[in-house]
Amino acid sequence: MNFTVMTLFPGLIEQVCAESIIGRAQSAGAISVSAVDIRSYSKDKHRRVDDTPYGGGKGMLMSAPCVYDCFADVASHLEGSVHTVYMSPQGSLLTQKKAKELQKYDNLVILCGHYEGIDSRVIEEIVDEEISIGDYVLTGGELPACVLIDSVARLCPGVLADAECYENESISCGMLEYPQYTRPYDFHGKKVPDVLLRGNHAEIEAWRKEEALKLTQKKRPDLL
């Protein structure tokens, strides 16, 4: 799967996505992540990409032509299905279900706003849907774009070692994940539950389901 981020800060995207599992997945060829600088498509001699909004108001607005030209160039080099997302607090909330839906596309193009946002006309013309990562405002769409990439990429074949890595974890399975433990057996007087030491896989599985249900009822009853 290909992720292309249209942004004023490509270095931020590249730096975040070069690390950990997403970075290794790129090196292995399981996914690709590229960041395209919208500023490169500015026709202004000073490479300006913003202007004052009609009707007044504080802040600057990213102009439509440079965003559109960037998208047109990006889209001309993509093959297969393309879905364009604008990271916006006005969008629908990112969920695991949404991540699974987006994973079905060959190409995900992500538009990042800045300043006071982007001229609405170009959003209407090139964006398929708007997505938010939460009810708060950030300085730009780059960090939300990285969150979106991470949530979708880890569902792609070859990114994680096995589908079980994400199918049975918190949220994905419909409940929170059960408690997990590793060595030492005794930590500050708290010991690992005996059921995990006996090697009876049926008992362990039953215990995990029961504990997952308890945790979900306590911390996220809205999931049940």
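The values are calculated or read from the model by the stated rules, or taken from the named source; none is laboratory data. Values in this document were obtained by computation on a predicted structure and should not be read as measured data. So basically every Cβ, Gly included, is an ideal-geometry build from the backbone, and we count neighbours across all protein chains shown.
Tabulated results
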| item | result |
| --- | --- |
| Any chance residue 177 is assigned by TED's automatic domain parsing to the domain that holds residue 74 and either assigned to a strand (DSSP E or B) or not β-branched (Val, Ile, Thr) (or both) | no |
| Any hit, region 33-40, residues being farther than 23 Å from residue 151 by Cβ, in a loop (DSSP other than H, G, I, E, B) and of a type in the set (Asp, Glu) | no |
| Among (1) of a type in the set (D, E, K, R); (2) within 20 Å of residue 140 (Cβ to Cβ); (3) in contact (Cβ under 8 Å) with a residue 12 or more places away in the chain; (4) not in a helix (DSSP H, G or I) - the single one residue 43 does not satisfy | (2) |
| Of the criteria (1) among the hydroxyl-bearing types (Ser, Thr, Tyr); (2) touching a strand residue (DSSP E or B) at 6+ places or on another chain (Cβ under 7 Å); (3) assigned to a helix (DSSP H, G or I), which one residue 27 fails | (2) |
| Those residues of region 128-153 which are out of contact with any Gly (no Cβ under 9 Å at 6 or more places or on another chain) and of a type outside the set (A, V, I, L, M), in sequence order | 128, 134, 135, 136, 139, 142, 146, 150, 151 |
| Residue in region 184-197 that is outside any loop (DSSP other than H, G, I, E, B), at pLDDT below 95 and not β-branched (Val, Ile, Thr) present | no |
| Test: residue in region 64-71 that is on the phi > 0 side of the Ramachandran plot, touching a residue at least 12 places away in the same chain (Cβ under 8 Å) and not polar (S, T, N, Q) | no |
| The listed residue being hydroxyl-bearing (Ser, Thr, Tyr), under 26 Å from residue 208 (Cα atoms) and not in a loop (DSSP other than H, G, I, E, B), out of 172, 151 | 151 |
| Test: residue in region 65-83 that is modelled with pLDDT under 95 and over 21 Å from residue 154 (Cβ atoms) | no |
